[in-house]
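A.B. asks: Please read through the structure below; I'll follow up with questions.
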Amino acid sequence: MLQFPLRFPPESAELVAMPASRRDFVRFGAALPALAAAPPAQHPASSAGPIDRRSVVTRHSPVLTEFSPRSPLSVGNGEFAFTADVTGLQTFPALYEKAMPLCTQSQWGWHSFPMPASLRGREFVYEPFDTYGRPVGYATRADGQRELFQFLRENPHRLHLGQIGFLLVRADGAEAEPGDIRDIRQELDLWRGILRSRFVFDGEPVEVETACHPSLDCLSVRIRAALLPSGRIAVRLRFPYASPAITAADWAAPGRHQTTLHPVSERAVRIARVLDGDHYQVALQWREPATLEQAAPHTLVLRAAAPELTLLASFAPDRPGLPPNNPFPLIEAHWQRFWQGGGAVDFSATSDPRAREIERRAVLSQYLTAIQCAGSMPPQETGLTCNSWYGKFHLEMHWWHAAHFPLWNRPELLARGMGWYRRILPSATATARRQGYTGARWPKMAGPDGADSPSAIGPLLIWQQPHPIAFAELLWRAHPTKETLERYAGIVFATAEFMASFAVERNGRYIFGPPVIPAQENHPPRETWNPTFELEYWRHGLAIALEWRRRLGLPEEPRWQRVRRNLSKLPVREGVYLAHENCPETFTKRNYDHPSMLAALGVLPGELADPETMRRTLHLALKSWRWADTWGWDYPMTAMTATRLLEPEVAVDALLLPSPKNEWLPNGHNYQRPSLPLYLPGNGGLLSAVALMAAGWQDQRARSTPGFPEAWQVRHESLHPWL
């Protein structure tokens, strides 16, 4: 088996002392300096002067004037996020529980239930799939081991670290209800990263500022209210037991966890939390005089002595750091650097109302992906807002969450998560070896340890495999140095080695599957081979890996080259691309889930694709696909295909296609369904599409802004072209 170089620069003692997830967050993020100082990539229409970035951003700061359970607002930093109701805190969580739950989540905050005695020592039985004469086992079988199957799916699960809300007591002594909150005005000041909330309670105004420290998992809150000294307004902290459910919290199991207070000073306390075999701490400190009381085993109440209270709540797996008493200037400076240093698109000179909506979605998606998708591990599909699929991340979605960061001149935000691939490389290598392959086979649905969760579908997907190669190439193009090559070469080469070994040679061509399930997941694995998108992605990934060997002065790997050159042709029937070669009919009979064949020319450069065949495929999909039964990233994917085919009107229509899965809420989230109230792959996908539509791709000969109609005036800065 090939040996893969994986070298890193010497690390400081401070870095070595950090938890693994935070260490990789810092190390990989610092590996690529932000490109804010680089000359902006200007569209010719930008000759009128730089874009007024502050105006572009602030005109889309969300403003709420009433309770909006489907659209709460969040603050965060990529590693930690806090989602609030209109009070600026998590005061009325029950109102949001069945819409978009109010959670406090982090990249490190996970929990596992103790394994039942009936499961201890049991080995998981893999389902054998015939693979060209040899059995290969996949974690798809539930029959006979359903309890173990479900336990492995649910554990570990991300947890709700703690609820921070107001305790509001009316003049009659009753606790307030949502109807007691009047004259609401809440604004998420995107330019400064501060959530500002104003409301009236019992005739008295309350002002709240809520923000997240840029590099610590610390919530900062400033409260001004005349009712604070009376005790009728206080801050209440509640800690739940863990749950794999969407709320990430079980409030009905007080005996299954512990909350212990350790005073630090008159104005600071450490709170130790223990949940079965997992633990974490919260450092709570306040600037003005106040008293903290434990009202119940897992409930604390902080009562202020003056009409102003500044509160800092820091979360960490062990001892949290205590930030300065007033981190707000640091927070504001961080977000202004973020907006000034990344890419920008300005549609203000375009009268078409669709342009303003695209701009709104682009601005809010930059904010949301920065706070939800730019951490030390790939994000779950709901980021750090609430749980989806037990809080685990789906690795095939990592591209849709994060590939846009380098294109928007923020490569360091993608680099942060690359450390996780390095950490789980031994596990991915072991998976490939167990299945009889070489290299590293990346999981589909995983938690921090990288263990692939059992599923009838997930273990048979393959389109996540080239993602690390695509990410590494984007990072190299942002920072083309030997250090970048050496940092990621081990990941690139291990991935390419698996990709080459997975392909089977028959009659002079290479075939994928059976068994395989394509990105359009509704195809039976034993009857599926050569999916269209995956064929093009394999070619693309292997070509990059071969180029990396040349850049490093290494000899060419003949087998990779042979597989790349002899891949099967993209399957066609009746003049359009199929989902895979063995489709019994064109996709008009199986026209739901992802129209993934479109991604072969759009998301990817499409070297194997014929543009006219793809054009027919695109228009047939737009006409016949069941768009209500798709997912949020399918719309930007379709827009990217239309852009590469130089059909800008179609691209805009696809990006804004009216569909239940393409609904965008006031907070910028892409709604899917009640059990999936937000879907960050839709946000990241939109940013990838807008980058392609505005900045085009390398070696492009078409006009500027190829994805927008010629009548539109679209200005952009610091966007980088796609491959």
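The values are calculated or read from the model by the stated rules, or taken from the named source; none is laboratory data. From a predicted model like this one, the values you see are computed outputs, not experimental measurements. A quick note on method: Cβ atoms are made from the backbone with ideal geometry, for glycine too, and the neighbour counts reach across all protein chains shown.
A.B. asks: Somewhere in the range 605-612, is a residue surrounded by fewer than 16 Cβ atoms within 10 Å (Cβ to Cβ) and part of a helix (DSSP H, G or I)?
C.D. replies: yes
A.B. asks: Could I ask something else about it? Of all the residues that make up the range 194-219, how many are touching a residue at least 60 places away in the same chain (Cβ under 8 Å), over 18 Å from Ala306 (Cβ atoms) and either touching a strand residue (DSSP E or B) at 6+ places or on another chain (Cβ under 9 Å) or not hydroxyl-bearing (Ser, Thr, Tyr) (or both)? Let's see the steps before the verdict.
C.D. replies: First, pick out the residues of the range 194-219 that are touching a residue at least 60 places away in the same chain (Cβ under 8 Å): 194-197, 199, 206, 208-219.
Pick out the ones that are also over 18 Å from Ala306 (Cβ atoms) and you get 194-197, 199, 210-219.
Now restrict to residues that are either touching a strand residue (DSSP E or B) at 6+ places or on another chain (Cβ under 9 Å) or not hydroxyl-bearing (Ser, Thr, Tyr) (or both): 194-197, 199, 210-214, 216-219.
So the count comes out to 14.
A.B. asks: From Ala81, Ala94, Ala45, which residue is surrounded by fewer than 24 Cβ atoms within 10 Å (Cβ to Cβ), modelled with pLDDT of 95 or more and out of contact with any Asp or Glu (no Cβ under 8 Å at 6 or more places or on another chain)? Write out each step before concluding.
C.D. replies: Values: Ala81 fails: surrounded by fewer than 24 Cβ atoms within 10 Å (Cβ to Cβ); Ala45 fails: modelled with pLDDT of 95 or more.
Residue meeting the stated conditions: Ala94.
A.B. asks: Every residue in the range 166-193 that is touching a residue at least 40 places away in the same chain (Cβ under 8 Å) and in a strand (DSSP E or B), please.
C.D. replies: Of everything in the range 166-193, those that are touching a residue at least 40 places away in the same chain (Cβ under 8 Å) and in a strand (DSSP E or B) turn out to be Phe166, Leu167, Leu168, Val169, Ile181, Ile184, Arg185, Gln186, Glu187, Leu188, Asp189.
A.B. asks: Name every residue in the range 689-703 that is at negative phi and either out of contact with any Leu (no Cβ under 7 Å at 6 or more places or on another chain) or modelled with pLDDT under 95 (or both), in order of residue number.
C.D. replies: Listed by number, the residues that qualify are Val690, Leu692, Met693, Gln698, Gln700, Arg701, Ala702, Arg703.
A.B. asks: Looking only at the range 433-464, count how many residues are surrounded by fewer than 23 Cβ atoms within 10 Å (Cβ to Cβ), of a type in the set (A, V, I, L, M) and part of a helix (DSSP H, G or I).
C.D. replies: The qualifying residues number 0.
A.B. asks: OK, next. Taking only the range 506-538 into account, find how many residues are surrounded by fewer than 21 Cβ atoms within 10 Å (Cβ to Cβ), among the charged types (D, E, K, R) and outside any loop (DSSP other than H, G, I, E, B).
C.D. replies: 4
A.B. asks: Collect the residues in the range 262-289 that are in a loop (DSSP other than H, G, I, E, B) and under 16 Å from Leu161 (Cβ atoms), keeping them in residue-number order.
C.D. replies: Once the filter is applied, which keeps residues that are in a loop (DSSP other than H, G, I, E, B) and under 16 Å from Leu161 (Cβ atoms), the range 262-289 yields only Asp276.
A.B. asks: While we're on this one: Could you please give the count of residues in the range 571-592 that are surrounded by 16 or more Cβ atoms within 10 Å (Cβ to Cβ) and either at positive phi or of a type in the set (Val, Ile, Thr) (or both)?
C.D. replies: Looking only at that region, the number is 3.
A.B. asks: All but one of (1) surrounded by fewer than 24 Cβ atoms within 10 Å (Cβ to Cβ); (2) farther than 30 Å from Arg506 by Cα hold for Leu89, so report the exception by its number.
C.D. replies: (1)
A.B. asks: How many residues does the range 443-459 contain that are of a type in the set (D, E, K, R) and in contact with a Gly (Cβ under 6 Å, 6 or more places away or on another chain)?
C.D. replies: 1
A.B. asks: Moving to a separate point now. Condition first: outside any helix (DSSP H, G or I) and surrounded by fewer than 23 Cβ atoms within 10 Å (Cβ to Cβ). Now tell me which residues in the range 465-501 satisfy that.
C.D. replies: Result: His479, Pro480, Thr481.
A.B. asks: If I filter the range 228-246 for residues that are over 26 Å from the mean Cα position of the chain (by Cα), under 23 Å from Pro101 (Cβ atoms), in a loop (DSSP other than H, G, I, E, B) and in contact (Cβ under 8 Å) with a residue 12 or more places away in the chain, do I get at least one hit?
C.D. replies: Scanning the range 228-246 turns up no residue that is over 26 Å from the mean Cα position of the chain (by Cα), under 23 Å from Pro101 (Cβ atoms), in a loop (DSSP other than H, G, I, E, B) and in contact (Cβ under 8 Å) with a residue 12 or more places away in the chain.
A.B. asks: Just give me the residues in the range 97-108 being in contact with a Lys or Arg (Cβ under 7 Å, 6 or more places away or on another chain) and surrounded by 24 or more Cβ atoms within 10 Å (Cβ to Cβ), in sequence order.
C.D. replies: Met100, Gln105
A.B. asks: Please give the strands (runs of 3 or more DSSP E) falling wholly within the range 290-392 in which 1 or more residues are free of Cβ contacts under 8 Å to residues at least 60 places away in the same chain, out of contact with any His (no Cβ under 6 Å at 6 or more places or on another chain) and farther than 27 Å from Gly277 by Cα. Give the derivation first.
C.D. replies: Details: elements: 290-296, 299-304, 308-316, 344-346.
Output list reads 290-296.
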